[in-house]
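What follows is a set of notes on a single structure, which appears directly below.
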Amino acid sequence: MTVSFTSSTSSSDVIPVNFVSFQSTEQFHGAVRAQLAQDIEVLFAYAKLPSPLIDACRYVMTGQGKLVRPLMVASAFASINSSNDEYSDVSNDDVDTLGTDLDAILENDSDYDMSRRAALAVELLHTYSLVHDDLPCMDDDALRRGQPTAHIVFDEAAALLAGDVLQTLAFEVLTAEMPTFAPFDANIASQLLAIFAPRARRMVSGQMLDLNAEASASIAQEDLEAIHRDKTGALIEAAMLMGGVCAGATATQRMALQECAQHIGLAFQVQDDVLDVTMTTDTLGKPAGSDEKLDKSTYVKLMGVDDATSYAQSLFNDGRAAISRELVDNSDNIGTDNDALLALIEWLWSRKK
Ligand code: GRG
């Protein structure tokens, strides 16, 4: 796999991923995770939150999350960038020979830095949803990402406020001037907000529909799907689209990303339902079997483990097809180098937690 992208040269604090070609999915994901870990600290230094709010925020943002959504942003960015960006194949050795084209490369850094903001935004919003979902008034869970939940370690007030402020920061980060980030690009930022805000709202609507469904004896597949399109799928859609927009995706490329995200968003939820009954608490890092305990409407309840597993697989295949299909748009073709996205789908399909 070859995935190339650039980072801001404005500060030594930024992970030096300039024009590196990653040799494996793990290496690429490792670089994205390392960048995100740094950016979380930059954001916390900027936000100057009082204790124990900052401690609760740091606790939940630095746990053992898989970082699926930031990886989606980065993978969509890398795929679209590699097919649209004439500099994407330039290696470190070539940089000196580019001379007057340096401005174009630096302009690119700003695109990459917008994708760093988008990656932060989706993880902040996702983590807020988990913190609130675990509260006693919702699922009342004591374990998340292999460690005690925020309201257990801190208290309910701190956990509630941590969720609140993570949500606020998810939006603020798209336009805040922060060290190590190139000044935000207002045009891209407004497009990101237009993608992000309605999908953040849909996530909460989906949670309400899900809670409503808990009380009902049975649920039709189309109703279950409508819940998860909002609760789980909307943020996944936002992540893929935001990564694409930062890399200058064309309208056709955005449509392909959206279609892919819709398939893999649903696949991810179906798979989550399967893992809940097939994996141990130790592996999951959260209580196994909790769906049944809470009498949740799940794909396993609806169709059984085997059919749910096959369904997840077929949805992942549909996601692959959406970005692999020949898509002609003024001779742009999303299939030019969709390796990062295909590798992401492969990685998601093989997940055990
Ligand atoms: C606004 C309170 C509130 C909730 C919104 C997203 C959500 C609704 C609640 C979170 C709980 C949940 C089971 C959501 C389904 C989506 C899902 C599979 C979440 C787990 O995501 P992973 O596996 O988690 O990416 P990690 O811990 O790896 O980040």
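What the table below lists for this structure:
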item	result
Heavy-atom accessible area ranking, 1.4 Å probe, most first, across Phe268, Phe154	Phe154, Phe268
Global geometry of segment 198-280, whether rounded, prolate or oblate, following the gyration tensor of its Cα atoms and the 1.5 cut on a/c	prolate
For Met255, solvent-accessible area (1.4 Å; no DNA, RNA or ligand), Å²	140
Shape call, segment 207-253: gyration tensor on alpha carbons, a/c limit 1.5	prolate
Per residue value of the accessible surface for segment 104-240 (all protein chains in place, 1.4 Å probe), Å²	38
Net dipole in debye of segment 178-232 [+1 Lys, Arg Cβ; -1 Asp, Glu Cβ; about Cα centre; nearest 20]	220
With all protein chains modelled, accessible area of Arg202 [1.4 Å, Å²]	50
Highest to lowest packing among 167-175, 64-72, 343-351, 118-126, scored as the average C-beta count within 10 Å	118-126, 64-72, 167-175, 343-351
Nearby lysines by direct alpha-carbon distance to Lys66 (threshold 20 angstrom, same-chain neighbours under 8 apart not counted)	Lys231, Lys286, Lys352, Lys353
Surface accessible to a 1.4 Å probe, Phe184 within the full protein complex, Å²	60
Prolate/oblate/rounded call for segment 128-210, Cα gyration tensor, a/c under 1.5 rounded	oblate
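The values are calculated or read from the model by the stated rules, or taken from the named source; none is laboratory data. Note that this is a predicted model, so its numbers are computed, not measured. All Cβ positions, glycine included, derive from the backbone under ideal geometry; neighbour counts span all protein chains shown. Protein only, heavy atoms only, side chains kept; ligands, DNA and RNA dropped before computing areas. Shrake-Rupley method; radii C 1.70, N 1.55, O 1.52, S 1.80 Å.
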